[in-house]
Amino acid sequence: MSNPKLIILSEQLRGQTFELTDQKYGIGRSDEMEICIVDPTVSGHHCELQRNEDDTYTAVDESFSTNGTRINGMIITRQKLVNSDILQCGGVECMYDCDSNTPSSVISTQTQIKINSEALVTNTRTNLAPENLQNREKPGVNMAIKIVIAVLIAVVVLLVIMLGLGLGSSGGDAPPTSSTTIETGLNQSILSIELKES
């Protein structure tokens, strides 16, 4: 009987194979993991494979990962692997390959792409990366921030102008006071600014 293997199926690391012989394997992005998968959707310590008494393995994710661990599309915390199971760590898919005499979870494989047909069925995948890694623009939020900044700049400029006019209008007729008050209507409110002379 040959040792079980974990074979990466995802494009950037496709074909990379890990032969499973030890009692326990840590899977993650960290160099300290026995199975290191360098991908931003994989956590530093994503999940573990633990050897069973019958020489098969169980996948374990007890809140190790951010994006979760799935077997054949179903999120798991602990599940025994069988031949041809697809283990998904973040956005990276791996196939568990063990002795062909054991039952397989895969019944058949077929493609849904028809070259000479009008209908083209594709398989879509959700990006499991945290939003800060997805680099998506949010134009509504960016525009709102720009408008708030523009309004704040306009208010500051208006206050500086009003301050300059208030100081220049004190003239020689009125006796000097310890403070000058400028009042103006702004949206039916009174804005008072006291300037202290030193």
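Things to note:
- Once backbone amide H atoms are built at 1.01 Å from N, Q16 has I8 as its partners under 5 Å, excluding neighbours fewer than 5 places away on the same chain.
- For the pair A154 and S2, label points projected 7 Å from Cα toward Cβ lie 7.2 nm apart.
- Scanning residues 5 or more positions from C94 or on other chains, those with amide H under 5 Å from its amide H are L9, L87, Q88, C89, with H placed 1.01 Å from N in the peptide plane.
- Nonpolar atom fraction for region 5-73, defined as the carbon and sulfur part of the 1.4 Å probe accessible area, stands at 42 percent.
- Residue-normalised convex hull volume from the C-alpha trace of region 1-71: 96 Å³ per residue.
- Extension gain, K80 to D22: 0.36 nm times the residue separation minus the Cα-Cα distance gives 19.3 nm.
- Annotation: amide H-H contacts under 5 Å for R78 (H modelled 1.01 Å from N, sequence separation of 5 or more, or interchain): D61.
- Each Cα pair under 8 Å and six or more residues apart adds its separation to the average, and for region 1-80 the resulting relative contact order is 19 percent.
- Phi-based couplings in Hz for region 81-92 (Karplus 6.51, -1.76, 1.60; Gly and Pro marked x): 8, 10, 3, 6, 4, 9, 9, 10, 10, x, x, 9
- Whole-number accessible area per residue in Å² for region 23-106, which is evaluated in the context of all protein chains at 1.4 Å: 47 Å²
The values are calculated or read from the model by the stated rules, or taken from the named source; none is laboratory data. Everything quoted here is computed from the prediction, not taken from an experiment. For neighbour counting, all protein chains shown are included, and Cβ atoms are generated from backbone atoms with ideal geometry for every residue, glycine included. Note: accessible area is taken over every heavy atom of the protein model, side chains too, but ligands, DNA and RNA are not part of it. Shrake-Rupley method; radii C 1.70, N 1.55, O 1.52, S 1.80 Å.
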